[in-house]
Amino acid sequence: MATTKKVLITGGAGFIGSHVVRLFVTKYPEYEVYNMDALTYAGNLENLKDIEGQSNYHFVKGDISDEAAMQQLFQEIMPDAVLHLAAESHVDRSIKDPMAFIRTNVMGTVNLLNAAKELWKDDMDSHLFYHISTDEVYGSLDDGGYFLEDTSYDPKSPYSASKASSDHFVRAYHNTYGLPIVISNCSNNYGPNHFPEKLIPLCINNIKHNKPLPIYGKGENVRDWLYVVDHARAIDTIFHQGKVGDTYNIGGFNEWKNIDIVRLLCQVMDRKLDRSEGTSEKLITFVTDRAGHDLRYAINAHKLMNELGWKPSLQFEEGIEKTVAWYLSNEEWLENVTSGNYQKYYEGQYG
Ligand code: NAD
Ligand code: TYD
């Protein structure tokens, strides 16, 4: 099949990136898809085992914080478009080591912008730099209201500050150099391949092993959850139909308090593991709150729904069932990613 487009996806070995790579490789056989990833603790090529033999899929190991390597890689691959997902993504790690987040999320993004600007300088318009960002850049909400595309940025954690900074650079490159960009800001994702340092997979793993379920503070914080495949579908929609220069918020209108999610997970796990009702809830343990813990995130995704016709395909309860089923039938994946360095991280974080 003749190639119509070379698409470079950064961070494609991570949680969301692997779902985006799979969607693009399988849905668009006419595209050459390059997955460029540094394979940090969060990157795992096992996530893509099912598609690694596809002729339109290529993996390239690369670190976006390496300026010279990015310039060279862009000249070699000559991508027509970039989908940028590579990032340090965990708030708790950003509290311990902000500089790693500045190196990858800020400087890494600017390295990619420079490499794209240099490669596309004679013909900007036929290209696209799509930056994948988070709702956390908008800060924290009280009980009412939603984040809209024009909500002022007010990041509160080193992670969200680094993502906000990268968003500003992407917009600045559009405004200053005419680089064709689009940005989306998504709410919390969940689903298969989620690294078990994040709330949902951490609790699934701990329930399985009868370990305490650490809930920060009182568990009253609210997040707006979206199934990862629906995020990948939204990215596909925005990549193909989004207006250059625009921002799209992505979310599932699906707000949950942390404590309620953990209780739901306990119920689903008790049923799937044939444990008597209430067994796993006994593992719930309230621990010291996260420093600067954002109270509530809630996305208004009407622009994406009304202008581009996207909507989530799954209800939360159905998505959680699928997610738990995936973790229970992929024990080897879970064992592999929770051995070694993860153990050290866990000890440092939870004692
Ligand atoms: P993840 O941590 O699971 O994966 C990140 C990937 O980036 C990994 O494969 C890692 O190896 C790679 N990476 C890290 N540093 C790199 C570097 N210097 N060079 C090259 N590759 C590097 O993250 P995720 O949850 O899949 O998030 C992907 C993107 O989506 C991020 O930009 C994140 O900010 C954004 N996002 C995430 C969520 C969420 O709920 N997880 C929500 C909204 C937006
Ligand atoms: P997390 O999955 O880290 O995502 P984010 O901080 O990007 O929203 O956390 C989701 C929520 O769960 C957040 O309010 C923090 C909370 N949380 C806990 O209560 N205990 C934990 O062990 C973790 C990792 C998170």
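Some notes on this structure:
- Flag for F253 being of a type in the set (F, W, Y), under 30 Å from P214 (Cα atoms) and either open to solvent by 30 Å² or more (accessible area, probe 1.4 Å) or assigned to a helix (DSSP H, G or I) (or both): yes
- Answer from L304, L265 - the residue that is open to solvent by less than 10 Å² (accessible area, probe 1.4 Å) and within 20 Å of the chain's Cα centre (by Cα): L304
- Qualifying positions in region 267-303 - in a helix (DSSP H, G or I) and touching a residue at least 60 places away in the same chain (Cβ under 8 Å): M269, S280, L283, K303
- Among the residues of region 67-110, those that are of a type outside the set (A, V, I, L, M, F, W, C) and under 19 Å from V182 (Cβ atoms) comprise P79, D80, H84, N105, G108, T109.
- Scanning region 19-34 for residues that are open to solvent by less than 30 Å² (accessible area, probe 1.4 Å) and within 15 Å of the chain's Cα centre (by Cα) gives H19, V20, V21.
- Test: Y248 is in a helix (DSSP H, G or I) and surrounded by 21 or more Cβ atoms within 10 Å (Cβ to Cβ): no
- If the condition is being open to solvent by less than 30 Å² (accessible area, probe 1.4 Å) and closer than 22 Å to D270 by Cα, then region 321-337 contributes T323, V324, Y327, W333, L334.
- Members of region 159-210 found to be among the basic types (K, R), more than 16 Å from V82 (Cβ to Cβ) and more than 9 Å from ligand 2 (Cβ to nearest atom), listed by number: K163, K208
- Residue check: I16 meets all listed conditions (1) open to solvent by less than 20 Å² (accessible area, probe 1.4 Å); (2) assigned to a helix (DSSP H, G or I); (3) within 9 Å of ligand 1 (Cβ to nearest atom); (4) of a type in the set (A, V, I, L, M, F, W, C) but one, namely (1).
- When E332, E317, E321 are screened for being free of Cβ contacts under 8 Å to residues at least 24 places away in the same chain and at negative phi, only E332 passes.
- Residues in region 287-301 that are open to solvent by 10 Å² or more (accessible area, probe 1.4 Å), β-branched (V, I, T) and either under 16 Å from S133 (Cβ atoms) or more than 8 Å from ligand 2 (Cβ to nearest atom) (or both): T288 alone.
- Considering region 268-315, and only residues there that are polar (S, T, N, Q) and under 29 Å from R233 (Cα atoms), the residue that is modelled with the lowest pLDDT turns out to be Q315.
One line per residue, one yes/no per condition, for (1) within 16 Å of ligand 2 (Cβ to nearest atom); (2) under 20 Å from S184 (Cα atoms); (3) within 14 Å of the chain's Cα centre (by Cα); (4) small (G, A, S):
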{"site": "A86", "(1), (2), (3), (4)": "no, yes, yes, yes"}
{"site": "H90", "(1), (2), (3), (4)": "yes, yes, yes, no"}
{"site": "V110", "(1), (2), (3), (4)": "no, yes, no, no"}
{"site": "M124", "(1), (2), (3), (4)": "no, no, no, no"}
{"site": "H131", "(1), (2), (3), (4)": "no, yes, yes, no"}
{"site": "T134", "(1), (2), (3), (4)": "yes, yes, yes, no"}
{"site": "S140", "(1), (2), (3), (4)": "yes, yes, no, yes"}
{"site": "D143", "(1), (2), (3), (4)": "yes, no, no, no"}
{"site": "D150", "(1), (2), (3), (4)": "no, yes, no, no"}
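- Filter pass, V82 being free of Cβ contacts under 8 Å to residues at least 40 places away in the same chain and among the aliphatic types (A, V, I, L, M): no
- For first residues located in region 236-256 and farther than 12 Å from D135 by Cα, partners that are in a loop (DSSP other than H, G, I, E, B) and among the aromatic types (F, W, Y) and lie 6+ apart or on another chain with Cβ distances below 7 Å form the pairs T237/W310.
- Which listed residue, of Q54, Q75, is over 19 Å from the mean Cα position of the chain (by Cα) and in contact (Cβ under 8 Å) with a residue 40 or more places away in the chain: Q75
- Taken over region 2-24, residues that are touching a strand residue (DSSP E or B) at 6+ places or on another chain (Cβ under 9 Å) and without any contact (Cβ under 8 Å) to a residue 60 or more places away in the chain amount to 4.
- For the residues P192, P155, P196, the requirement of being within 16 Å of ligand 1 (Cβ to nearest atom) and free of Cβ contacts under 8 Å to residues at least 40 places away in the same chain singles out P155.
The values are calculated or read from the model by the stated rules, or taken from the named source; none is laboratory data. Predicted model, so just to flag it, every value in this text is computed and none were measured. Note that we place each Cβ from the backbone using ideal geometry, even for glycine, and neighbour counts take in every protein chain shown. Note: accessible area is taken over every heavy atom of the protein model, side chains too, but ligands, DNA and RNA are not part of it. Shrake-Rupley method; radii C 1.70, N 1.55, O 1.52, S 1.80 Å.
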